[in-house]
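Notes to accompany the following structure.
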Amino acid sequence: STGTGKSTLMSLLLRLADPQQGIVTVGGKDIRDITVASLRRNVAIATQENILFTASVLENIRYAVPEADRDTVIAAARIACADEFINQLSQGYETPLGERATKLSTGQRQRIVIARALVKDSPILILDEPTAALDAETELRVMENLRQWGESRCVFLITHRLSTIRQAHNVLYLRDGRVAAFGPHDQLARDNDAYRSFIEAETGMSLGTQS
(Lines give C-alpha, C1' and ligand atoms only; values in the text may rest on other atoms or scores of the structure.)
Protein backbone atom coordinates (compact mmCIF):
# COMPACT_ATOMS: atom_id res chain seq x y z
CA SER A 1 0.00 0.00 0.00
CA THR A 2 1.00 3.66 -0.31
CA GLY A 3 3.59 4.79 2.24
CA THR A 4 4.81 1.35 3.34
CA GLY A 5 8.40 1.86 2.18
CA LYS A 6 8.52 0.43 -1.36
CA SER A 7 10.60 3.26 -2.84
CA THR A 8 12.62 3.58 0.38
CA LEU A 9 13.62 -0.07 0.14
CA MET A 10 14.90 0.46 -3.40
CA SER A 11 16.86 3.50 -2.26
CA LEU A 12 19.02 1.11 -0.23
CA LEU A 13 20.03 -0.69 -3.43
CA LEU A 14 21.10 2.63 -4.95
CA ARG A 15 22.91 3.58 -1.72
CA LEU A 16 20.88 6.73 -1.33
CA ALA A 17 20.79 5.43 2.23
CA ASP A 18 22.51 2.56 4.03
CA PRO A 19 20.69 0.10 6.31
CA GLN A 20 21.14 0.56 10.05
CA GLN A 21 21.11 -3.20 10.43
CA GLY A 22 21.89 -6.00 7.99
CA ILE A 23 23.39 -5.69 4.53
CA VAL A 24 22.34 -5.37 0.90
CA THR A 25 24.17 -7.71 -1.45
CA VAL A 26 24.50 -8.02 -5.21
CA GLY A 27 25.90 -11.32 -6.41
CA GLY A 28 26.66 -12.17 -2.79
CA LYS A 29 28.81 -9.05 -2.32
CA ASP A 30 28.03 -6.30 0.19
CA ILE A 31 27.30 -3.20 -1.91
CA ARG A 32 29.22 -1.10 0.62
CA ASP A 33 32.33 -2.83 -0.75
CA ILE A 34 31.45 -1.62 -4.27
CA THR A 35 32.08 1.96 -5.34
CA VAL A 36 28.92 4.03 -5.63
CA ALA A 37 29.83 4.95 -9.22
CA SER A 38 30.22 1.29 -10.21
CA LEU A 39 27.00 0.30 -8.46
CA ARG A 40 24.94 3.00 -10.14
CA ARG A 41 26.43 2.26 -13.56
CA ASN A 42 24.85 -1.16 -13.27
CA VAL A 43 21.43 0.00 -12.12
CA ALA A 44 18.83 1.85 -14.20
CA ILE A 45 15.67 3.39 -12.79
CA ALA A 46 12.45 4.78 -14.21
CA THR A 47 10.52 6.86 -11.72
CA GLN A 48 6.85 7.75 -11.68
CA GLU A 49 7.64 11.48 -11.86
CA ASN A 50 8.28 11.22 -15.65
CA ILE A 51 10.91 13.95 -15.72
CA LEU A 52 11.60 15.04 -19.31
CA PHE A 53 13.52 17.94 -20.85
CA THR A 54 12.94 20.45 -23.62
CA ALA A 55 15.34 18.58 -25.93
CA SER A 56 14.23 16.19 -28.68
CA VAL A 57 12.64 12.82 -28.05
CA LEU A 58 15.91 11.20 -29.14
CA GLU A 59 18.00 13.21 -26.68
CA ASN A 60 15.54 12.57 -23.87
CA ILE A 61 15.69 8.81 -24.33
CA ARG A 62 19.50 8.69 -24.49
CA TYR A 63 19.96 11.21 -21.68
CA ALA A 64 21.80 8.72 -19.43
CA VAL A 65 23.75 7.25 -22.37
CA PRO A 66 24.59 10.20 -24.67
CA GLU A 67 26.67 7.99 -26.95
CA ALA A 68 23.77 5.61 -27.69
CA ASP A 69 23.11 5.39 -31.43
CA ARG A 70 19.73 5.88 -33.06
CA ASP A 71 19.08 2.16 -33.54
CA THR A 72 19.64 1.51 -29.83
CA VAL A 73 17.22 4.31 -28.93
CA ILE A 74 14.56 3.00 -31.31
CA ALA A 75 14.96 -0.55 -29.97
CA ALA A 76 14.37 0.72 -26.41
CA ALA A 77 11.37 2.77 -27.55
CA ARG A 78 9.84 -0.28 -29.18
CA ILE A 79 10.14 -2.30 -25.96
CA ALA A 80 8.43 0.56 -24.11
CA CYS A 81 5.72 0.74 -26.83
CA ALA A 82 6.73 4.36 -27.47
CA ASP A 83 7.95 3.96 -31.05
CA GLU A 84 4.43 3.97 -32.49
CA PHE A 85 3.44 7.39 -31.18
CA ILE A 86 6.92 8.91 -31.60
CA ASN A 87 6.78 8.22 -35.34
CA GLN A 88 3.49 10.14 -35.50
CA LEU A 89 5.04 13.30 -34.03
CA SER A 90 5.80 16.15 -36.42
CA GLN A 91 9.54 15.39 -36.58
CA GLY A 92 9.56 11.86 -35.21
CA TYR A 93 12.49 11.27 -32.90
CA GLU A 94 13.81 14.77 -33.64
CA THR A 95 10.65 16.44 -32.27
CA PRO A 96 11.48 18.91 -29.46
CA LEU A 97 9.37 18.15 -26.42
CA GLY A 98 9.17 21.72 -25.21
CA GLU A 99 8.56 22.92 -21.68
CA ARG A 100 7.46 19.98 -19.50
CA ALA A 101 6.72 17.89 -22.61
CA THR A 102 3.15 19.18 -22.70
CA LYS A 103 2.74 17.83 -26.25
CA LEU A 104 2.61 14.32 -24.80
CA SER A 105 0.05 12.59 -22.62
CA THR A 106 1.06 11.30 -19.20
CA GLY A 107 1.12 7.75 -20.55
CA GLN A 108 3.35 8.76 -23.47
CA ARG A 109 5.77 10.52 -21.13
CA GLN A 110 5.85 7.45 -18.94
CA ARG A 111 6.81 5.23 -21.88
CA ILE A 112 9.65 7.57 -22.88
CA VAL A 113 11.01 7.41 -19.32
CA ILE A 114 10.89 3.60 -19.46
CA ALA A 115 12.73 3.69 -22.82
CA ARG A 116 15.39 5.93 -21.27
CA ALA A 117 16.01 3.36 -18.53
CA LEU A 118 16.18 0.53 -21.07
CA VAL A 119 18.81 2.30 -23.20
CA LYS A 120 21.22 1.96 -20.29
CA ASP A 121 21.04 -1.83 -20.79
CA SER A 122 21.94 -2.46 -17.16
CA PRO A 123 21.74 -5.84 -15.36
CA ILE A 124 19.45 -4.34 -12.71
CA LEU A 125 16.37 -2.28 -13.58
CA ILE A 126 14.09 -0.51 -11.08
CA LEU A 127 10.66 0.55 -12.32
CA ASP A 128 8.73 2.74 -9.87
CA GLU A 129 5.01 2.47 -10.74
CA PRO A 130 5.99 1.95 -14.40
CA THR A 131 2.49 1.55 -15.81
CA ALA A 132 0.42 3.79 -13.54
CA ALA A 133 -0.66 6.06 -16.40
CA LEU A 134 -1.13 3.37 -19.05
CA ASP A 135 -4.39 1.85 -20.21
CA ALA A 136 -4.85 -1.88 -19.62
CA GLU A 137 -4.00 -2.93 -23.19
CA THR A 138 -0.81 -0.87 -23.39
CA GLU A 139 0.23 -1.99 -19.92
CA LEU A 140 -0.09 -5.63 -20.98
CA ARG A 141 2.06 -5.05 -24.07
CA VAL A 142 4.74 -3.11 -22.19
CA MET A 143 4.93 -5.69 -19.42
CA GLU A 144 5.21 -8.56 -21.89
CA ASN A 145 8.05 -6.74 -23.69
CA LEU A 146 9.80 -6.07 -20.39
CA ARG A 147 9.39 -9.71 -19.37
CA GLN A 148 11.21 -10.83 -22.52
CA TRP A 149 13.87 -8.12 -22.26
CA GLY A 150 14.49 -8.88 -18.59
CA GLU A 151 14.94 -12.65 -18.84
CA SER A 152 18.67 -12.39 -18.07
CA ARG A 153 18.33 -9.39 -15.74
CA CYS A 154 16.95 -8.51 -12.33
CA VAL A 155 13.91 -6.25 -12.63
CA PHE A 156 12.24 -4.63 -9.61
CA LEU A 157 8.66 -3.42 -10.06
CA ILE A 158 7.55 -1.00 -7.36
CA THR A 159 3.76 -1.02 -7.53
CA HIS A 160 0.48 -1.59 -5.76
CA ARG A 161 -1.41 -2.38 -9.00
CA LEU A 162 -2.56 -5.98 -9.08
CA SER A 163 -2.27 -6.20 -12.87
CA THR A 164 1.44 -5.34 -12.60
CA ILE A 165 2.04 -7.51 -9.53
CA ARG A 166 0.81 -10.59 -11.39
CA GLN A 167 3.71 -10.24 -13.86
CA ALA A 168 6.38 -10.80 -11.20
CA HIS A 169 8.10 -14.11 -10.49
CA ASN A 170 8.18 -13.18 -6.79
CA VAL A 171 6.32 -10.62 -4.72
CA LEU A 172 7.84 -8.82 -1.76
CA TYR A 173 4.81 -7.50 0.12
CA LEU A 174 5.46 -4.61 2.52
CA ARG A 175 3.10 -3.67 5.31
CA ASP A 176 3.73 -0.97 7.91
CA GLY A 177 7.38 -0.74 6.85
CA ARG A 178 8.05 -4.45 7.24
CA VAL A 179 8.20 -7.46 4.91
CA ALA A 180 4.87 -9.22 5.47
CA ALA A 181 5.20 -11.81 2.70
CA PHE A 182 7.57 -13.06 0.02
CA GLY A 183 6.95 -15.53 -2.80
CA PRO A 184 4.94 -16.09 -6.00
CA HIS A 185 1.65 -14.18 -6.24
CA ASP A 186 -0.61 -17.23 -6.46
CA GLN A 187 1.05 -18.92 -3.49
CA LEU A 188 0.81 -15.80 -1.31
CA ALA A 189 -2.82 -15.18 -2.28
CA ARG A 190 -3.57 -18.73 -1.15
CA ASP A 191 -1.41 -19.06 1.97
CA ASN A 192 -0.68 -15.58 3.40
CA ASP A 193 -3.50 -13.85 5.28
CA ALA A 194 -1.97 -10.36 5.09
CA TYR A 195 -1.36 -10.56 1.34
CA ARG A 196 -4.75 -12.10 0.67
CA SER A 197 -6.41 -9.24 2.57
CA PHE A 198 -4.52 -6.75 0.42
CA ILE A 199 -5.65 -8.46 -2.80
CA GLU A 200 -9.24 -8.62 -1.59
CA ALA A 201 -9.15 -4.90 -0.75
CA GLU A 202 -7.74 -4.09 -4.22
CA THR A 203 -10.23 -6.24 -6.13
CA GLY A 204 -13.28 -6.01 -3.86
CA MET A 205 -13.53 -9.80 -4.12
CA SER A 206 -13.17 -12.46 -1.45
CA LEU A 207 -10.56 -15.11 -2.26
CA GLY A 208 -11.75 -17.39 0.51
CA THR A 209 -9.40 -19.32 2.77
CA GLN A 210 -7.28 -22.40 2.20
CA SER A 211 -8.65 -25.45 4.00
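For this structure, a couple of remarks:
- The residues packed around residue 62, meaning those with a beta-carbon under 10 Å from its beta-carbon, carry a net charge of 0 if Lys and Arg are +1 and Asp and Glu are -1.
- On Cα atoms only, tilt of 193-203 relative to the major axis of the chain in degrees: 50 degrees
- Taking N as the residue count of the chain, its C-alpha radius of gyration divided by 2.2 N^0.38 Å amounts to 1.10.
- Heavy-atom surface analysis with a 1.4 Å probe gives the chain a carbon and sulfur content of 48 percent of its accessible area.
- Reachable lysines, given that their alpha-carbon falls under 27 Å from the alpha-carbon of residue 6 and they are not under 8 places away in the same chain: 29, 120
- For residue 103, a cut-off of 18 angstrom between C-alpha atoms picks up these aspartates and glutamates, skipping any fewer than 8 places away in its own chain: 49, 59, 83, 84, 94.
- In degrees, nearest ten, helix 106-119 long axis to first principal axis of the chain (Cα): 90 degrees
- Cα-Cα P(r), the stretch 98-179, percent of pairs per 5 Å interval: 3, 13, 24, 25, 17, 11, 5, 2, 0
- Accessible surface, per residue, of the chain when the full set of protein chains is kept, probe 1.4 Å, Å²: 55 Å²
- Beta bridges by DSSP in the stretch 62-211, antiparallel share as percent, to the nearest 5: 50 percent
The values are calculated or read from the model by the stated rules, or taken from the named source; none is laboratory data. The model shown is predicted, which means the values in this text are computed figures rather than measured ones. All Cβ positions, glycine included, derive from the backbone under ideal geometry; neighbour counts span all protein chains shown. Heavy atoms of the whole protein, side chains included, go into the accessibility calculation; ligands, DNA and RNA do not. Shrake-Rupley method; radii C 1.70, N 1.55, O 1.52, S 1.80 Å.
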